[in-house]
Structures are given as C-alpha cells and as structure tokens.
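Step one of this worksheet: look at the structure below.
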Amino acid sequence: MSNRYFAHQTAVIDEGCNIGDNTKVWHFSHIMAGAKLGRDCNIGQNVMIANGVVVGDRVKIQNNVSVYEGVIISEDAFIGPSVVFTNIKAPRSFINRKHLYQNTMIGKGATLGANTTIICGNDIGAFAMIGAGAVVTKKIDDYALVIGNPARQIGWVSQHGARLTFDEGGIAVCPESGDLYKLMEGKALKLR
C-alpha cells in the first residue's frame with residue numbers, strides 16, 4: 001500500500017489492498033484486501049470496493065456505491081451516487097455461486113449517472129454516458145448516450161460529454177472542443 005493517499009479516520013483500509021498516490025478515501029468507506037485503486041481517485045462516502053476490483057487512475061466514485069468482485073473501472077470514469085453493480089445473474093442466499101461471477105468493464109472516461117444499475121457481464125464503452133436511473137442489460141458502445149429501463153441508446157456524446165449531431169455525411173463536431181467524430185457502421189469514432 002502506498003502511504004501517499006488520504007483515508008478519512010472512519011474509512012476501513014484492509015491489509016493487502018493497493019491504493020495509488022493522491023487518492024482520497026472518504027467517510028465510512030471500505031477498501032478490501034486485493035482491491036487495486038489507481039492514482040488521483042476520489043472515493044466518496046460509504047463506498048465499498050471488493051477484493052479483486054481494479055479502479056484506474058483519476059476515477060471518481062460518488063457516495064453509496066458498492067463495487068463488487070469482477071468489476072473493472074478504467075481511468076477517468078465517473079461513477080455517480082448510488083450506482084449499483086451486480087456480479088451474478090441469479091443470486092440465492094442459500095446457494096454459493098461465486099464460481100458464476102461475471103465480469104463488467106467500465107470504459108475509459110465513461111459516466112454512470114446517479115442510481116444507474118449495471119447488470120453483470122455488460123461492458124460500458126469508452127466515454128459512454130449512462131443517464132440517471134438507467135438499467136443496463138446489454139453491452140454499451142463507445143460514446144453512446146443511453147437512458148431508461150431497460151437502457152436504450154438515444155444518441156452519441158463526445159469525450160467532453162456534449163451531445164453529437166451527425167450530418168448526412170456521418171460527421172459531427174463536438175460543440176465544446178471542436179473535435180471531429182464520424183459515424184461508421186453504426187459506431188461513433190473520434191477522428192481528431
């Protein structure tokens with residue numbers, strides 16, 4: 001464990017976890033043995049990060065989130081308040097099904113809005129934006145904008161999180177950065 005992170009006095013940091021430099025772990029949070037947190041992360045109040053979870057650099061996990069074994073969160077992702085992750089599709093308290101855990105990958109720069117639920121085994125693409133309260137039941141593409149229960153795609157967003165509008169040639173310009181995007185074979189790609 002690095003000694004160059006901050007943990008609030010009420011946080012529980014288990015022996016055997018790895019926490020990157022300049023990461024902050026706030027009130028009543030629990031980082032379990034075997035968890036790996038990157039540099040410059042902000043772990044909000046009442047967050048549990050389980051054994052085997054990997055969190056990339058500069059990730060923000062807001063209050064009241066449990067990140068279960070099998071979840072990998074890539075760098076620069078934003079996990080909103082009370083987001084729910086699962087790691088098994090048919091849980092029963094009286095049957096041990098740990099061998100059936102399914103992995104979930106949250107892509108670089110993705111945003112999960114408040115109260116989003118991610119059903120295990122469904123990866124979220126880079127820079128995707130999941131609207132508050134959405135229930136993700138399938139894979140989400142890079143730059144996709146999704147909402148609802150079950151989550152459905154309603155458009156595309158740029159790396160800045162701005163809504164993209166594609167012209168007849170399949171080109172969009174981010175209104176915030178000026179970056180160009182192209183729609184090819186039903187997927188958005190950043191050109192520059």
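FYI, it's all coordinate maths here, none of it is from the lab. Note that the structure is a prediction, hence the values are computed from the model and not measured. Cβ atoms come from the backbone with ideal geometry, glycine included; neighbour counts cover every protein chain shown.
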Please list 185-191, 145-151 highest first by mean number of surrounding beta-carbon atoms within 10 Å per residue.
145-151, 185-191
If you count, for each residue, the other Cβ atoms within 10 Å and average over each peptide, how do 70-77, 167-174, 18-25 line up from highest to lowest?
70-77, 18-25, 167-174
Residue 60 label point, 7 Å along Cα→Cβ, cut-off 19 Å on backbone N: hits in the range 157-188?
157-163, 176-177
Could you tell me, in Å, what Rg and Dmax come out for the Cα atoms of the range 77-145?
12.5, 40
Which percent, nearest 5, of DSSP beta bridges in the range 6-161 are antiparallel?
10 percent
Gain in length, residue 149 to residue 166, computed as 0.36 nm per residue apart minus the alpha-carbon separation, to one decimal in nm?
3.6 nm
Shape call, the range 78-117: gyration tensor on alpha carbons, a/c limit 1.5:
oblate
Using 0.36 nm per residue of separation minus the Cα-Cα distance, give me the extension gain between residue 103 and residue 14 in nm, one decimal.
29.8 nm
Quick check: residue separation of residue 180 and residue 192 times 0.36 nm, minus the Cα distance between them. What number comes out in nm?
3.8 nm
In the chain, lysine pairs closer than 21 Å at Cα, eight or more apart or cross-chain:
20
Which value, to two decimals, describes the C-alpha radius of gyration of the range 81-192 once divided by 2.2 N^0.38 Å?
1.20
Can you pull the Kirkwood radius for the chain, inverse mean 1/r over Cα pairs, to one decimal in Å?
17.2 Å
